[in-house]
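Nothing in this text is a laboratory measurement; each read-out follows from the coordinates by a stated rule. Note that this is a predicted model, so its numbers are computed, not measured. Here Cβ is always computed from backbone atoms with ideal geometry, including for glycine, and neighbour counts include all displayed protein chains.
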């Protein structure tokens, strides 16, 4: 490992991997599925290729229409072949393969503009999908499409048609909402899905099951109980935590037995009780290949967070945390990106409180630090096997986040399009 001592290892333990016209035994054609989406999503339309897609056509502001003049057609203008971004060629020199990938599909795109644009800079052609036409990340992709809800039986058939129509090689879910669905549909989509086995996805989505999983594999986890099995003596404070919560929802800090009983009665979530960690909190952003080898692990501090998402943090070179990220991810057999949240207690012990098998909320920080996770994902989709480069990142980078916005207006087909002449670009490349 660059810049650090040899990391201690845990012995890895394998975790087992485990619509349409139903009467005719086949799925409905895509135009029928898209018609159902259009009925529910204003502005959804069908493009020339028969797939419900809104291309990234940017509408000039009214005060610019006169001076923009003639728009060059597809056979006009500069035919210069653009060179790959400098950081992509640097990644190639650093040993990250980068064969061309036909396309990357981002599901539940939401607000993850940072991830979509990072893959574009890495050389991918991006297609973003969401049920909500106001999801900002849609309009930062090369193409975007409105899809049914995750719980709709046509969700997977629509994604499968998109994979085929857009020559998608890689599917990247950007939130937890469709993890269980995609993990089980990986063999039906026709593209690599960046998720671990369904059994592991299910366990990590339920904090009580995750706690049991950690304990069975010798991974430190705070003492945790179900409400009906609380011990007679508890060291307060403790947390009432929703088993399936996210973004700090359904978490209540209890300073005594009276508050504990109140919040257990107050919460509307299926909950558990967990001991409060007293040490410093860290996050470790890891990325694993298809054999669950950890290719890199980037620890960062949690200077400030809101709603469970880091808004200020700093990358640190802590060989113990790098080793923890590697050992946990390889022991549990993670695949693709994951965010490991942990505490270092006053006695030096490390407790894992949560693992999200996706890119973390502070994705821009490890990206700026040189994690090269988009390039690694594209290499996996191209059938390559990059070698691990643990500790290969820049320490001491500080991230501080701010609000941004995207103004939309109805286009010529009634679909919403970016109103400004150009979409906002990052202030600086990572």
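Roughly speaking, what is the centre-to-centre gap between region 173-195 and region 374-404 when only Cα atoms are used, to the nearest Å?
Between the Cα centre of region 173-195 and that of region 374-404, the gap is 21 Å.
Would you mind getting me the FRET efficiency between residue 225 and residue 305? Use the beta-carbon distance for r and R0 = 22 Å, nearest 0.05.
That gives a FRET efficiency of 0.30.
Counting other C-beta atoms within 10 Å, which of 294, 288, 277, 108 has the fewest, and how do the rest follow?
By the 10 Å Cβ count, ascending: 277, 294, 108, 288.
Could you list 126, 267 in order of exposure, starting from the residue whose Cβ has the fewest other Cβ atoms within 10 Å?
267, 126
Let's test the formula: R0 of 25 Å, r as the Cβ-Cβ distance of residue 167 and residue 403. What FRET efficiency results, to the nearest 0.05? Numbers along the way, then the final one.
Numbers: r = 35 Å, r/R0 = 1.41.
Given R0 = 25 Å and the Cβ-Cβ separation, E is 0.10.
When the Kirkwood hydrodynamic radius is evaluated over all pairs of different C-alpha atoms of region 278-400, what value in angstrom, to one decimal, is obtained?
On the way: mean 1/r = 0.0702 Å⁻¹.
Result for region 278-400 stands at 14.2 Å.
Using the number of other C-beta atoms within 10 angstrom as an exposure proxy, rank 367, 319, 268 with the fewest first.
Working: 367 26, 319 17, 268 7.
Placing the least packed residue first, the sequence is 268, 319, 367.
Simple spin-label model, 7 Å along Cα-to-Cβ: residue 244 to residue 256 in nm?
Taking the simple label geometry, residue 244 and residue 256 are separated by 3.5 nm.
Report the relative contact order of region 223-275, percent, no decimals, based on alpha-carbon pairs under 8 angstrom and at least 6 residues apart.
Values: 77 pairs, mean separation 27.2, N = 53.
After rounding, I find 51 percent.
Quick one: grab the alpha carbon gyration tensor of region 223-275, order the square roots of its eigenvalues as a ≥ b ≥ c, and give me rounded if a/c is under 1.5, else prolate or oblate depending on whether a/b is larger than b/c. Mind dumping the intermediate values first?
Values: a/c = 1.62, a/b = 1.48, b/c = 1.09.
Prolate shape, in that a/c is at least 1.5 and a/b is the bigger ratio.
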